[in-house]
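For reference, the structure discussed in these notes is given below.
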Amino acid sequence: LSSCGSAQSYFVDYVQGLLGHGEGVTQLNTPTRLPSMVERAVSVSIGPFHSLTLTADGSVWSWGSGDFGSLGHGDEQYQLLPKKVEAFA
């Protein structure tokens with residue numbers, strides 16, 4: 001799975017890790033493979049505050065804002081890199 005583009009300045013301050021490449025990465029000019037994804041993505045859902053992907057092996061990964069438990073990790077932490085949602089493992 002690759003990402004390309006930029007996080008708008010409004011979201012950069014509010015949503016850490018929106019692009020899924022770690023701290024401080026707010027713009028990518030070319031598609032860049034996400035560092036922690038090892039499986040092939042078959043479906044992706046991207047929103048203004050967080051993103052999720054379903055991989056070929058059935059795993060679900062999420063990153064971005066964890067507000068209100070939206071990432072599915074049982075907390076409200078921001079995820080700067082894609083993290084596997086263990087509830088679907």
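The values are calculated or read from the model by the stated rules, or taken from the named source; none is laboratory data. Here the structure is a predicted model, which means the values were calculated and not measured. Quick reminder, even Gly has a Cβ in these numbers, built from the backbone with ideal geometry, and neighbours come from all protein chains shown. What goes into the accessible areas is simple: the full protein's heavy atoms, side chains included, and nothing from ligands, DNA or RNA. Shrake-Rupley method; radii C 1.70, N 1.55, O 1.52, S 1.80 Å.
Which peptide among 61-67, 75-81 comes first, and what is the full order, when sorted by highest mean count of other Cβ atoms within 10 Å? Don't skip to the end; give the middle numbers.
Values: 61-67: 23.1, 75-81: 16.0.
Output ranking for 61-67, 75-81: 61-67, 75-81.
Skipping prolines and chain starts, which residues have an amide H placed within reach, meaning under 5 Å, of the one on His50, given they are 5 or more residues away or on another chain?
Under 5 Å from the amide H of His50 lie the amide H atoms of Ser65, each far enough along the sequence or on another chain.
Where in the range 25-88 are there trypsin sites (Lys or Arg not before Pro) that are in a DSSP coil and have at most 12 other Cβ atoms within 10 angstrom of their Cβ?
Arg40
Please give the per residue accessible area of the range 24-89, computed with a probe of 1.4 Å over protein heavy atoms only, in Å².
Here the residues of the range 24-89 average 59 Å² of exposed surface.
When the Karplus curve 6.51 cos²θ - 1.76 cosθ + 1.60 is applied with θ = phi - 60°, which whole-Hz ³J(HN,Hα) does each residue of the range 75-89 get, with x for Gly and Pro?
Result, ordered by residue: 8, 10, 6, 6, 10, 7, 10, x, 10, 5, 7, 5, 4, 9, 6 Hz.
In the range 36-89, carbon and sulfur make up what percent of the accessible area (probe 1.4 Å)?
57
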